[in-house]
Amino acid sequence: MATTAHDDLMALKLRIRAAGLKWTAARGAVLLALSDAERPLSHAELVELVAGQGFNRATVYRNLMDLTGGGLVARADMGDHVWRFEVKAADDPMHPHFMCTLCGVVSCLPETAVSMRTPALKAAVHRVDDVLLKGACAACA
Ligand SMILES: [Zn+2]
Ligand SMILES: [Zn+2]
């Protein structure tokens, strides 16, 4: 079902308040940009996205830290020493990521893209925090 921008904004406000954070325009802009992207974004990418709304690097960084601390956003280093941030849904299962080694873009893959429920894995591993595939994305091929 399609939701309007207004519904999205209301839902974001509720989520931010439920996490014990105060709603601010910058906080909302950062969370909205992240949820629109539907893939993990670096601090630099986010700064570019919200720069037009008048938020600077430091403001974006501070809000990313607050949102991460509040459990609304997940942060991961995909091995290139760049933190990337993505919206963390409460009912969202752990999903694999794909990094294009040519353009550096990281995308989210469906949970079923990589089988992580094999007996061999279960026997050797207690908990998987991240699965990262690397290669060339469709746009770079
Ligand atoms: Zn690429
Ligand atoms: Zn993801």
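Residues checked against (1) closer than 29 Å to residue 14 by Cα; (2) outside any strand (DSSP E or B):
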residue	(1), (2)
58	yes, yes
61	yes, yes
68	yes, yes
71	yes, yes
80	no, yes
98	no, no
112	no, yes
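When the residues of the range 17-40 are narrowed to those that are in a loop (DSSP other than H, G, I, E, B) and touching a Lys or Arg at 6+ places or on another chain (Cβ under 9 Å), which ends up nearest to ligand 1 (Cβ to nearest atom)? Spell out the reasoning first.
Quick first cut of the range 17-40, residues in a loop (DSSP other than H, G, I, E, B) only: 19-24, 38-40.
Within this subset, residues satisfying the condition of being touching a Lys or Arg at 6+ places or on another chain (Cβ under 9 Å) are 21, 23, 39-40.
Working: 21: 34, 23: 36, 39: 12, 40: 14 Å.
Filtering the range 17-40 for residues that are in a loop (DSSP other than H, G, I, E, B) and touching a Lys or Arg at 6+ places or on another chain (Cβ under 9 Å), the one nearest to ligand 1 (Cβ to nearest atom) comes out as 39.
Every condition in (1) loosely packed, with under 12 Cβ neighbours inside 10 Å; (2) at pLDDT 95 or above; (3) within 14 Å of ligand 2 (Cβ to nearest atom) is met by residue 85 except one, and the failing one is (1). Out of (1) among the charged types (D, E, K, R); (2) under 25 Å from residue 21 (Cβ atoms); (3) not assigned by TED's automatic domain parsing to the domain that holds residue 26, the odd one out for residue 66 is which? Condition not satisfied by residue 66: (3).
Among the residues making up the range 88-136, a single one is of a type in the set (Asp, Glu), within 21 Å of residue 32 (Cβ to Cβ) and surrounded by 12 or more Cβ atoms within 10 Å (Cβ to Cβ): 92. Can you confirm whether the range 109-130 contains a residue that is within 29 Å of residue 61 (Cα to Cα), outside the structural domain of residue 28 (by TED's automatic domain parsing) and within 16 Å of ligand 1 (Cβ to nearest atom)? For the range 109-130, residues within 29 Å of residue 61 (Cα to Cα), outside the structural domain of residue 28 (by TED's automatic domain parsing) and within 16 Å of ligand 1 (Cβ to nearest atom): present.
The values are calculated or read from the model by the stated rules, or taken from the named source; none is laboratory data. Everything numeric in this text was worked out from a predicted model, so none of it was measured. Cβ: placed from backbone, ideal geometry, glycine included. Neighbour counts: every protein chain shown.
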